Amino acid sequence: MEFSTDQPPEKLKRHTLAILVDNSPGVLARVTTLISGRGFNIDSLSVAETMDPEVSVITLIITGNPRIISQIIKQLRKLINVIRVTDLSGTDYVERQLIMVRVKAESDGARAEITRLCDIFRAKIIDVSLKSYTLEITGGMDKIKAALNLLKSFGVEEQVSTGLTAMARSHPAAPPDGAARGRRLDPKNADG
Amino acid sequence: MTKMNGARILIECWKKEGVEVVFGYPGAATVEIHHALAESSLRFVLTRHEQAAVHAAEGYARSTGRPGVVLVTSGPGATNTITGLAGANMDSVPVLVFTGQVARMLIGNDAFQEVDIVGVSRPVTKHNYLVLSTHDLASTVKEAFYVATSGRPGAVLVDLPKDVIGGTAEFQYPKKISLKAYRPHLTPHPRQVSRAAALLAQAERPLIYAGGGIVSSGASEELVRLSELLNIPVTTTLMGLGGFPGTHPLFLGMLGMHGLYRANMAVQRADLILAAGARFDDRVTGALGRFAPEAAIVHIDVDTTSIHKILDVDVPLVADARQALLAILMALGEAPDYPKKAREKWLSQIEAWNREEPLRYKKDGPLIQPQAVVEEIYRATRGKAVIVTEVGQHQMWAAQHYLYERPRQFISSGGLGVMGFGLPACLGVQVARPEALVIDIAGDGSILMNIQELATVAQEGLPVKVAILNNQALGMVRQWQELFYGGRYAQTILSPSPDFVKLAEAFGIRGFLAEKPAEVEETVRLALAHEGPAVMDFRVDPAALVYPMVPAGKAIDEMMLSPRS
Ligand SMILES: Cc1ncc(C[n+]2csc(CCOP(=O)(O)OP(=O)(O)O)c2C)c(N)n1
């Protein structure tokens, strides 16, 4: 079947998936192939070991309509190396990302202003040159967006970022399969 | 405990898994396994192409329910298996493909005949493995068989570097495996079972829509019991044919794009549909928005991803089809109450549809009608042959005009629709069931895609029969061109046709030709009476089309019907 991507934009939603996997070779490729094979872009990705060295967690952000996301989650659950998939969106969770950004800091005014912003955003200045400051900012996506927005006016020279990683605040109950939805899903699917 | 090399270990593992026959093709990367095989009690069937080896293993698996095993070499041997893997996986057939690979130190170096087959096959297998140590070989093989045969069965590939095969280790076959992440869900939820049972008992116009899951889970008997207990008619998908007896009075035939009129009409008027081991494929539903508009839907599927995938259902039952049906039967008890009058009315409505529009085709004229050939084969085999098909019009005629009494009696490539599947699959069925009469109903296009397998048939002395419905065209595509593209027959004419009789003879196989309607009966009789393999070339009416037909985008009751003469 076809997963059409031309859904009305208002239905698209960002989902943060926490995927517990066996720490075995190829498992990341299986997860990403499954998603890219359906024509979806992964917005952000991070992988790391958990407390149990045999188990890794993949935190993955993907945008799509609820039906497609639910299908992707089920397909992910079907992978032999996938232990658990949790859609954190809609649950209570914390997310963090680390970003490094080099901004122009030539005048005294700019330097003072950037230092003040660092205070507000609890960012760190991790490298200094005659013409620039390099900052390290951690936080959720919104905070990072806000900080970057303000820093833009100084002139951003370079910027790198880790993937977003996320954690539920308490153990969320797995969402029930097939929560009530409209009856017929996609009449467009029946073409030849 | 004994030390042995990887090749021997592999064969010992196969024996532990009850493997009796391996299909394949050798090469440098696997030659040691072949030497070990030759000294073992296992049978090896040398097909003439690796794709055919996988189809043969599928035929073996589809006809027995036991996993089919394939051994091929690295590089081109491995890539040649991709179509087979994809088809087996889509149709939930347990097949294991073992591929040779270059030695570990060469992997990633673009070595001779090196292909990252684990990467290539990832999206078309249920799972796959690269074995990196001879010590891991036995446990990996054990896991591979478990994954291929459990839950929703599927295709699994195991890639074996040459030095892993050549290395030695202690052989110890694990008794049990437990996979952290993989636990197929087989037993149905009791609350959903009682909801399903209640709906089935209350419905006035119920219908069972059964798919390949009935066959693979061995649920045919339970299906018949349920249908008879509540007087519920049954329609099946292509993959479900034989899962319910074809001559049973409650059987409506196949549904969907080329479904029978009464079956499609019944779907559209039913007030309850029990989908059992079926997945609402687009070839079944037609225009989804108008599929079964009046029905509540109960859906049994062992694969969670199938449930709510295409449409939302009222009662989801994630379970093995047989276990789910057994649970529903238990919940219903011996003599459940149900609206008997309403059901009689419903069945007579279905009967009226059938009188109005039975399967029809033109019976007169100077040319052989392909449907008549299928019916003659049905008559001559008294409905007892195992029918294997290729893909195209002939496949649909074989599905419509032969009545399958038993599961695993009809073997066809459904989900992927692989032309060239039939002959090698037929060979695999015959290997599995030497006593059975096995017939490949073929098109003149499809048969040429794996015609080399006649050599395997000859070498193995397999008495398979091939019936080519030769319309000198890629008939199914041409049918679309005729009906929907104003008769633009671009690139679908296969003329002149090869002389299939001579072609068969070149392989040392008997060939028979029928050009007129009067010759059909005699040709079938002679070919069946002949002890060895035989090829029948029926020169059929190229204008014959498959009806009914639901055009793309239409609801399944908007069928194009056979023109009345
Ligand atoms: C490998 C492959 N290639 C192409 C197709 C597309 N296709 C579907 S049916 C068909 C025509 C089959 O022709 P033939 O085997 O002669 O059977 P007929 O329809 O004439 O009975 C084609 C080309 C396919 N299903 N499989």
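Side notes on the structure shown:
- B:TRP346 contributes an accessible area of around 10 Å² to the protein surface, as traced by a 1.4 Å probe with all chains present.
- For B:LYS384, a cut-off of 17 angstrom between C-alpha atoms picks up these lysines, skipping any fewer than 8 places away in its own chain: B:LYS465.
- A crude spin-label estimate for the pair A:ASP108 and B:ARG382, with each label 7 Å from Cα along the Cβ direction, gives 10.9 nm.
- Annotation for A:VAL128 and B:LYS502: the two label points, set 7 Å from Cα along the Cα-Cβ direction, are 9.2 nm apart.
- Tensor-based shape of the range B:253-292 (alpha-carbon gyration tensor, a/c under 1.5 rounded, otherwise prolate or oblate): rounded
- Those residues of the range B:105-141 for which accessible area with every protein chain present is at least 30 Å² below the isolated value (1.4 Å probe): B:ARG122, B:HIS127
- Neighbour cut-off at most 11 other Cβ (10 Å), DSSP loop, GluC sites (Glu not before Pro), the range B:360-468: B:GLU435
- Solvent-accessible area, 1.4 Å probe, carbon plus sulfur percent, for chain B: 53
- Accessible-area value, B:ASP499, 1.4 Å probe, nucleic acids and ligands omitted, Å²: 70
- Burial of 20 Å² or greater, the range B:307-344 residues [accessible area, probe 1.4 Å, versus chain by itself]: B:HIS308, B:LYS309, B:ILE310, B:LEU311, B:ASP312
- With contributions of -39500 (n - 2.57) from each DSSP H run of at least four residues, the per-residue ellipticity at 222 nm computed over chain B stands at -10500 deg cm²/dmol.
- Carbon-plus-sulfur accessible fraction, the range A:8-109 (probe radius 1.4 Å, protein heavy atoms only): 55%.
- Here's the list of lysines a cross-link from B:LYS309 could span, going by alpha-carbon distance under 24 Å and ignoring same-chain residues fewer than 8 apart: A:LYS11, A:LYS13, A:LYS74, A:LYS78, A:LYS188, B:LYS126, B:LYS554.
- Buried between B and A is an accessible area of approximately 2700 Å², summed over both sides with a 1.4 Å probe.
- For A:ASP43 and A:ARG84, the FRET efficiency from 1/(1 + (r/R0)^6), where r spans their Cβ atoms and R0 equals 30 Å, is about 0.90.
- Per residue solvent-accessible surface (Å²) - the protein assembly as shown, probe of 1.4 Å: 42
- Solvent exposure, largest accessible area first (probe 1.4 Å, DNA, RNA and ligands not counted), of A:ARG169, B:ARG488: B:ARG488, A:ARG169
- The mean count of C-beta atoms from other chains within 10 Å of the C-beta of residues in B:285-296, rounded to a whole number, is 3.
- Nearest-0.05 FRET efficiency for B:TYR173 and B:LEU561, computed from C-beta distance (R0 45 Å): 0.20
- Rounded FRET efficiency, nearest 0.05, which uses the C-beta distance separating A:MET141 from A:ASP119 and R0 of 25 Å: 0.75
- Diffusion constant of the range A:95-164 at 25 °C, which comes from Stokes-Einstein with the Kirkwood Cα-pair radius and 0.890 mPa s, µm²/s: 207
- Where only C-alpha atoms are counted, convex hull volume of the range B:42-174 per residue in Å³: 104
- Extension gain, B:HIS530 back to B:LYS362 (0.36 nm per residue minus Cα-Cα distance, nm): 57.4 nm
- With every protein chain in place and a 1.4 angstrom probe, the accessible-area ranking of B:ASP440, B:ASP110, largest first, reads B:ASP110, B:ASP440.
- Low-density loop cleavage sites - GluC sites (Glu not before Pro) in the range B:1-74, where at most 12 other Cβ are within 10 Å (DSSP): B:GLU39
- Tail weight of P(r) past 38 Å, computed on alpha-carbon pairs of chain B, percent: 32
- In the range B:520-557, the residues that give up 10 Å² or more of accessible area when the other protein chains are added, compared with the chain on its own (1.4 Å probe), are B:ALA552, B:GLY553.
The values are calculated or read from the model by the stated rules, or taken from the named source; none is laboratory data. Values in this document were obtained by computation on a predicted structure and should not be read as measured data. Glycine gets a Cβ as well: all are built from the backbone with ideal geometry, and neighbour counts include every protein chain shown. These accessible areas exclude ligands, DNA and RNA; they are computed on the full protein's heavy atoms, side chains included. Shrake-Rupley method; radii C 1.70, N 1.55, O 1.52, S 1.80 Å.
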